[in-house]
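Take a look at the structure set out below.
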Amino acid sequence: MATTLDLVIAIGLAVVCGAFLFALARPKIDPREPPVVSSPIPFVGHLVGMMRGGPMYLADLSARSRNPVFTLPILNGRSYVVASPALASHVQRASKTLQFDRLVTEVIPRMVRLDKRTTTILRDAKADEEKRIRMNVRVIHDYIEPLLKPDKLDEIGDTQLQHFNDFFDTIKDGQQVDLYHFLTREVFVASMYSFYGPENPFNLHSELVEEFWKWEGGLVLLMLGVLPQLTARDAYYGLERCTEGFTEYLEAGRIKGAYKMLQLRQKAHADEGISIPQQARLEVGMCVGVGVNASITSFWLINNIFSRAELLDEIRTEIRSNAMVTSGIIYANALRDACPLLNSVYRETMRLIAPLTTGRYVVEDTVIADTYLLKKGMIVQIAGGALHQNPDIWGPDVNEFNPHRFLYHQFGHKTNADGSVPESKSSQVHPAAYRAFGGGQSLCPGRHFAQLEILALTASMVMGFDLLPPEGSDRVIWDPPKDDKKFPLAVTKPMRALNVRMKRREGTGGLRCVLGVSKSFTELKSLDALQNSTEAT
Ligand code: HEM
């Protein structure tokens with residue numbers, strides 16, 4: 001019979017053997033690599049931490065480590081985490097050897113379950129060797145970025161705003177809604193209409209809208225790929241149904257009604273020999289970019305404004321004075337160019353809900369800032385959560401919503417101890433600290449469109465409606481907790497419904513938000529004054 005001593009010896013031996021094996025298997029780290037931050041659980045500790053704590057896990061590690069970049073040993077490799085704006089810039093600039101597109105071609109096939117053949121086409125393993133630009137990068141540079149520049153948004157922006165205007169017309173006075181569901185679905189449906197045309201799958205088969213959100217909501221589990229029909233059932237079948245919808249759309253040639261950039265993108269896929277059902281999967285993936293982040297951001301922006309009565313008043317005054325020619329028309333371009341408070345609140349909202357981590361694949365050993373060695377085959381993460389939550393960057397109120405943080409500059413200012421925002425250039429935040437739209441090679445090409453649509457939707461709500469407690473309640477319970485413990489593929493969602501009753505403000509029936517691109521706001525104002533004086537005489 002084993003004695004207690006035998007047991008102690010056995011455990012001791014096991015610990016020694018375990019430590020020996022661990023030391024053998026541990027990756028050899030070059031002293032020039034960034035300092036290591038270990039986890040108490042070997043091999044998988046950081047993976048588990050990231051899965052369970054999401055962006056906040058990296059933010060916590062960064063606060064503890066206080067190094068601008070550090071190394072996380074994971075399995076038999078490692079990942080580097082960048083937590084300083086200056087180093088983020090260095091990583092962005094080294095785009096030849098720290099590649100975003102290599103990572104994308106690893107992630108997309110898992111997201112939309114591409115077959116091997118299509119995955120091989122996307123990865124284009126010989127591209128670097130043969131000095132060719134991968135197809136997905138070409139599509140972004142040649143079609144997507146140029147056709148989403150501010151001066152190209154007239155037509156598509158007009159369609160989107162028209163969709164919003166029609167939507168607001170259908171709202172019944174006193175209608176009760178869960179604000180999150182209500183707004184996200186409208187922004188998503190409008191975006192699909194504007195980008196994929198009136199015959200888009202979601203317009204023809206409205207049940208696909210919820211199928212899409214089921215897929216998007218279960219993406220992380222789906223991408224793990226362990227028996228996805230069982231472990232990520234809703235996401236799996238949501239993706240299959242949306243794929244069927246897009247297959248029918250492509251087979252029927254309905255892409256002819258889509259925005260030009262998507263037609264060109266689809267042609268590039270077809271030219272590479274990608275089959276229609278596989279192209280359909282790539283279109284489902286594109287819908288995340290086009291329709292998800294802006295939907296969720298609109299909700300938080302509206303929550304943040306309406307939950308603060310004084311701020312709501314100030315923003316109403318700003319829009320009325322600076323973006324409305326007559327009481328019935330809001331000029332969307334003036335929202336962008338002449339409403340600093342609204343824009344500041346927009347950016348501050350995203351600072352708090354978009355702790356997005358951007359990755360780069362190290363294709364060759366690279367030294368950044370003449371100091372840190374990043375080894376080939378590893379992944380570098382620019383940790384948006386760590387950067388957005390750092391009091392050394394943003395000031396002592398980093399965790400608070402400060403509507404004035406971006407009032408004087410789009411990069412923001414580090415606040416004073418009392419939360420006031422200095423105007424001085426010396427307190428201006430480093431441009432690479434703000435990660436809501438990524439940066440460098442992966443800077444979001446849709447950011448101008450996003451700003452246009454989100455500000456337009458918000459202004460229409462702010463000027464057109466009061467949001468009151470639902471029947472039977474005496475107050476609106478604003479600020480739902482954020483679901484920020486998940487590994488972020490998109491901006492953070494709320495963890496509960498936000499129920500409100502929508503009351504139309506007096507005299508705002510027929511309110512429209514339009515682009516008014518052809519003339520500056522000042523010109524429009526003077527034209528209006530002229531017209532009014534002519535009418536009066
Ligand atoms: C508030 C709204 C939005 C946010 C917060 C956002 C955020 C981002 C971020 C962080 C990235 C870089 C991803 C990475 O580095 O890993 C990105 C990429 C991208 N976004 Fe956006 N985005 C928004 C709206 C849009 C819109 C409206 C469109 C299209 C109309 C769009 C299209 C894209 C595309 C195509 C990419 C991929 C770029 C590439 O592969 O180089 N986004 N977005």
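The values are calculated or read from the model by the stated rules, or taken from the named source; none is laboratory data. Keep in mind the model is a prediction, meaning the values are calculated, not measured. Virtual Cβ from ideal backbone geometry, glycine too; neighbours counted across all protein chains shown. Just the protein is used for accessible areas: all its heavy atoms, side chains included, with ligands, DNA and RNA removed. Shrake-Rupley method; radii C 1.70, N 1.55, O 1.52, S 1.80 Å.
In table form, for the structure just shown:
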quantity: Selection status of residue 206, of a type in the set (Ser, Thr, Tyr) and more than 13 Å from the ligand (Cβ to nearest atom); calculated: yes
quantity: Scan of the range 448-470 for residues that are open to solvent by 20 Å² or more (accessible area, probe 1.4 Å) and closer than 16 Å to residue 344 by Cβ, ordered by number; calculated: 451
quantity: Residue match in the range 422-429 (condition: away from the ligand (no atom under 16 Å from the Cβ) and either buried (at least 18 other Cβ atoms within 10 Å of the Cβ) or within 24 Å of residue 149 (Cα to Cα) (or both)); calculated: yes
quantity: Flag if residue 121 is within 15 Å of the ligand (Cβ to nearest atom) and out of contact with any helix residue (DSSP H, G or I) (no Cβ under 6 Å at 6 or more places or on another chain); calculated: no
quantity: Which listed residue, of 393, 382, 368, is on the phi < 0 side of the Ramachandran plot, in contact (Cβ under 8 Å) with a residue 60 or more places away in the chain, among the β-branched types (Val, Ile, Thr) and within 16 Å of the ligand (Cβ to nearest atom); calculated: 382
quantity: Out of 188, 195, 202, 168, sole residue that is under 21 Å from residue 265 (Cβ atoms), in contact with a Gly (Cβ under 7 Å, 6 or more places away or on another chain) and at pLDDT 95 or above; calculated: 188
quantity: Residues of the range 68-95 classified as touching a strand residue (DSSP E or B) at 6+ places or on another chain (Cβ under 9 Å), open to solvent by 30 Å² or more (accessible area, probe 1.4 Å) and more than 21 Å from residue 434 (Cβ to Cβ), total; calculated: 1
quantity: Residue tally, condition surrounded by fewer than 23 Cβ atoms within 10 Å (Cβ to Cβ) and either hydroxyl-bearing (Ser, Thr, Tyr) or assigned to a strand (DSSP E or B) (or both), over the range 341-361; calculated: 4
quantity: Pick from the range 384-421, criterion in a loop (DSSP other than H, G, I, E, B) and of a type in the set (Phe, Trp, Tyr), ranking: surrounded by the most Cβ atoms within 10 Å (Cβ to Cβ); calculated: 406
quantity: Residue check, residue 266 polar (S, T, N, Q) and within 16 Å of the ligand (Cβ to nearest atom); calculated: yes
quantity: Members of the range 207-230 found to be in contact (Cβ under 8 Å) with a residue 60 or more places away in the chain and of a type in the set (Phe, Trp, Tyr), listed by number; calculated: 212, 215
quantity: Elements of type strands (runs of 3 or more DSSP E) contained in the range 432-537, each with 2 or more residues being at pLDDT 95 or above, within 16 Å of the ligand (Cβ to nearest atom) and over 18 Å from residue 324 (Cα atoms); calculated: none
